[in-house]
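The values are calculated or read from the model by the stated rules, or taken from the named source; none is laboratory data. Fair warning: this is a prediction, and the values are worked out from it, not measured in the lab. Positions of Cβ are backbone-derived with ideal geometry, glycine not excepted, and every protein chain shown enters the neighbour counts.
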Amino acid sequence: MGSSTGSLAASIAEFQQYLKAKVAVHIETEHKNLYPFITISREAGAGGHLLAQAILKRMEKESLPVYQGWHMLDQEICEAVLADPKMKTSLEPLLSERFNSELNDYLSQIIGGTSPQVAVYTKIFRLIMSLASVGKVVVVGRAGSFVTRLLPLGIHVRLVAEKEQRIQYMMRERDLPRDKAETTVAQLDQDRQRLVKTFFNRNAADPLEYDAVINTSRVPLESAVDALIALVKQRFEKAPAVLASKA
């Protein structure tokens, strides 16, 4: 396992260098074409996909160019990874954002012949980074706020909710009994925390990592959408000054 740990650290360091180089290229040569983008981090069952879909639906009703042509990044990213013949994985763990411990990942490679999850997520992160660099995307989960942190036009939001509400949501959405839904919520939260900690050494639950933290147990969906739509417009209007300061 020692050599495996060293390989993991080297792969993560290489990816972090890639992020810095990618940001530098876009700031220096491509920033005139950049638009804002949104990342949604969330506790399991807090409604990340519901918010993303509501944002896109609202944008369709807006007339300003900054709101036109937005897309949600979720299953499309997973399908792009699956289309890579070098990646040996399946759709379900990608969609659920499963991120195993190092030991379980090693066993999965040996027994199941899967690709190392660090390689899979590096592929995912690079796709997210490239698309967010252009803008007009809503990135749901997958450490999107940390992957794109150095891009100046990102709007990063964290969704939280009362545990009971999250369990009930999981029961409805996945047709699970209560005990299984509760276990699933806990496991997903743990996996997402592990992903952020492994690659970025940050705490996904830290509110200071985000532009806004929204409690979906108390804040109506439409109010959250209103706030984020306003932030997109504000970020776009300030984009020339923000980008100039980064150049």
Exercise for the section: Give segment 142-153 a look and list any residue that's over 15 Å from THR198 (Cα atoms) and either surrounded by 24 or more Cβ atoms within 10 Å (Cβ to Cβ) or within 12 Å of the chain's Cα centre (by Cα) (or both), or say none. Expected result: THR148, ARG149
Problem - helices (runs of 4 or more DSSP H) completely within segment 1-106 that count 1 or more residues being at pLDDT 60 or above - result: 48-59, 75-82, 91-96
Exercise for the section: Look at segment 203-214 and say how many of its residues are in a strand (DSSP E or B) and either surrounded by fewer than 13 Cβ atoms within 10 Å (Cβ to Cβ) or under 14 Å from the mean Cα position of the chain (by Cα) (or both). Expected result: 0
Exercise for the section: Report yes if some residue within segment 156-175 is among the hydroxyl-bearing types (Ser, Thr, Tyr) and more than 21 Å from ALA52 (Cα to Cα); otherwise report no. Expected result: no
Fill in the blank from the handout: Going through segment 107-141 in order, the residues found to be modelled with pLDDT of 75 or more and hydroxyl-bearing (Ser, Thr, Tyr) are TYR121, THR122, SER130, SER133
Handout entry: Selected residue (only one of ILE128, ILE124, ILE110, ILE155 is more than 28 Å from GLU60 (Cβ to Cβ) and not charged (D, E, K, R))
Key = ILE110
Problem - Residue pairs meeting the criteria (Cβ under 8 Å; at least 6 apart or on separate chains; first within 13 Å of THR198 (Cβ to Cβ) and among the charged types (D, E, K, R), in segment 102-113; second assigned to a helix (DSSP H, G or I) and modelled with pLDDT under 70) - result: GLU102/SER4; GLU102/THR5; GLU102/LEU8
Practice task
Could you list, in sequence order, all residues of segment 108-119 that are in contact with a helix residue (DSSP H, G or I) (Cβ under 6 Å, 6 or more places away or on another chain) and within 17 Å of SER96 (Cβ to Cβ)?
Solution key: THR114, GLN117
Problem - Flag for VAL134 being touching a helix residue (DSSP H, G or I) at 6+ places or on another chain (Cβ under 9 Å) and crowded, with 22+ Cβ neighbours inside 10 Å - result: no
